[in-house]
Amino acid sequence: MKFIIQRDRLVQSVQDVMKAVSSRTTIPILTGIKLMATAEGVTLTGSDSDISIESFIPKEEAGDEIVEIKQPGAIVLQAKFFSEIVKKLPTDFVEIEVLNHLQTVIRSGKSEFNLIGLDAEEYPHLPQIEENNKFQIPTDLLKAMIRQTHFAVSTSETRPILTGVNWKIENGELNCIATDSHRLALRKAKIDADYDTCYNIVIPGKSLNELSKIIDDGNEPIDIVITENQILFKAKHLLFFSRLLEGNYPDTSRLIPTESKTDITVNTKEFLQAIDRASLLAREGRNNVVKLATHEDGIIEISSNTPEIGKVIEEVQSESVVGEDLKISFSAKYMMDALKALEGTDITVNFTGAMRPFVIKPLNDETILQLILPVRTY
């Protein structure tokens, strides 16, 4: 195998596939990146058997030559060293050549590295996915849906199914739900899928997080193919495979209250900043809890009190408070995560009492919702 390639394109592809490479894998060859050169261009692959990423660098693009293939072939190189090397090479072009016994030479300018490669034949094959049932989502919508839900997945392995995001697709609509049983994030959107396309799957939160880091910003559509235990995201020159989590996701629809006793409407930014400041003295002890109380004239009081540190009281002028007076405590972190995920300048919070979950939504937007369970302090 021998080819010459633009260094910037190689660095970008290496960084993309590195997101799937784990140093803690039990399969030694998966600590490497597979490079394959064909007449069409160079393909890089990284995998940890949960996530696999394949990045293709075409021979030429828009009339520019990116890769010059001198001899096709394949090799697996240690990801950690290879990625550090290509980042620091001195010139704009890199020559990679595999000699006998998997000895691999990387040349750039006056710099030459020799790496001992592994046999590409031993690298696990990526899942072969039949693309009969595929649908599309614009990249920017996919990234928004991931950002607005994935933070609420559970980080504890006691209920593995909750470490994923539940995707339900029916009637041309995608519903994404994440919960760690203390909070819940829901986002739904119309998508370009047949009305008879129906899925109910759970994608690991980690996979979605990595995916959103490597797909470009823009509204190019991404093809999505779902099989029994895998999901494939296809962007331009990029394939991203993730395994699906096994098991049934809990029915979360009954967690979301339908009626409320107290509704407040408030400016998102002012509310977020007040909670952020109140949480400064709530770090210690009980999971950064802040208290919220409604007062006359639409004033909302947010306070925190840690006996050995001190206390803080913030007042926010709401746009409206409707219903019963309320005192409630909740995790400042959960509330801040939820507020950062919502779009829009104003939000409505619907409370159904001091010990019941409450719902946060942007004003006049039914496609997104955050739910938080309060903390018992009063």
Query raised in the report: Out of Thr252, Thr262, Thr268, which single residue is surrounded by fewer than 18 Cβ atoms within 10 Å (Cβ to Cβ) and among the polar types (S, T, N, Q)?
Result: Thr252
Query raised in the report: Restricting attention to the stretch 123-155, which residues are of a type in the set (Lys, Arg) and either closer than 15 Å to Gln370 by Cβ or over 14 Å from the mean Cα position of the chain (by Cα) (or both)?
Result: Lys134, Arg147
Requested in this report: Please identify the pairs in which a residue from the stretch 112-130 that is farther than 16 Å from Ser52 by Cβ has its Cβ atom under 6 Å from the Cβ atom of a residue that is hydroxyl-bearing (Ser, Thr, Tyr) and outside any helix (DSSP H, G or I), counting only partners at least 6 apart or on another chain.
Outcome: Leu115/Thr104; Gly117/Thr104
Query raised in the report: Counting only residues that are in a helix (DSSP H, G or I) and of a type in the set (A, V, I, L, M, F, W, C), which one in the stretch 326-340 is farthest from Val375 (Cα to Cα)?
Result: Leu339
Report summary line: When (1) acidic (Asp, Glu); (2) surrounded by 14 or more Cβ atoms within 10 Å (Cβ to Cβ); (3) under 30 Å from the mean Cα position of the chain (by Cα) are applied to Glu97, the one that fails is (3)
Query raised in the report: Restricting attention to the stretch 163-200, which residues are acidic (Asp, Glu) and closer than 18 Å to Gln370 by Cβ?
Result: Asp180
**Report entry** Members of the stretch 322-372 that are touching a strand residue (DSSP E or B) at 6+ places or on another chain (Cβ under 8 Å), under 22 Å from Ser253 (Cβ atoms) and of a type in the set (Gly, Ala, Ser)
**Finding:** Ala338, Ala341
Report task. Looking only at the stretch 137-173, count how many residues are over 25 Å from Asn219 (Cβ atoms), β-branched (Val, Ile, Thr) and not in a loop (DSSP other than H, G, I, E, B). Result -> 2
Report task. Please list, ordered by first then second residue, the pairs with beta carbon atoms under 6 Å, 6 or more apart or interchain, first in the stretch 223-241 and at pLDDT 95 or above, second acidic (Asp, Glu) and crowded, with 17+ Cβ neighbours inside 10 Å. Result -> Leu239/Glu54
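Test Glu366 against the stated conditions and say whether it is charged (D, E, K, R), in a loop (DSSP other than H, G, I, E, B) and either farther than 17 Å from Glu259 by Cα or without any contact (Cβ under 8 Å) to a residue 12 or more places away in the chain (or both).
Criteria met by Glu366.
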Report summary line: Within the stretch 163-214, of all residues that are within 16 Å of the chain's Cα centre (by Cα) and free of Cβ contacts under 8 Å to residues at least 40 places away in the same chain, the one surrounded by the most Cβ atoms within 10 Å (Cβ to Cβ) is Ala178
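Yes/no per residue for (1) of a type in the set (Gly, Ala, Ser); (2) over 24 Å from Phe233 (Cβ atoms):
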| site | (1), (2) |
| --- | --- |
| Leu89 | no, yes |
| Asp92 | no, yes |
| Glu97 | no, yes |
| Ser108 | yes, yes |
| Pro127 | no, no |
| Asn133 | no, no |
| Pro138 | no, no |
| Ala152 | yes, no |
Query raised in the report: Got a number for residues in the stretch 1-30 being of a type in the set (S, T, N, Q) and either surrounded by 19 or more Cβ atoms within 10 Å (Cβ to Cβ) or closer than 19 Å to Glu95 by Cα (or both)?
Result: 4
Report summary line: Scanning the stretch 273-320 residue by residue, the ones that are surrounded by fewer than 18 Cβ atoms within 10 Å (Cβ to Cβ) and not small (Gly, Ala, Ser) total 24
Report summary line: For the stretch 45-58, pairs from a residue that is at positive phi to a residue that is at pLDDT below 95, with Cβ under 6 Å and 6 or more apart or across chains, are none
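The values are calculated or read from the model by the stated rules, or taken from the named source; none is laboratory data. Because the structure is a prediction, the values reported are computed rather than measured. Cβ coordinates were reconstructed from backbone atoms using ideal geometry, including for glycine residues, and neighbour counts include every protein chain displayed.
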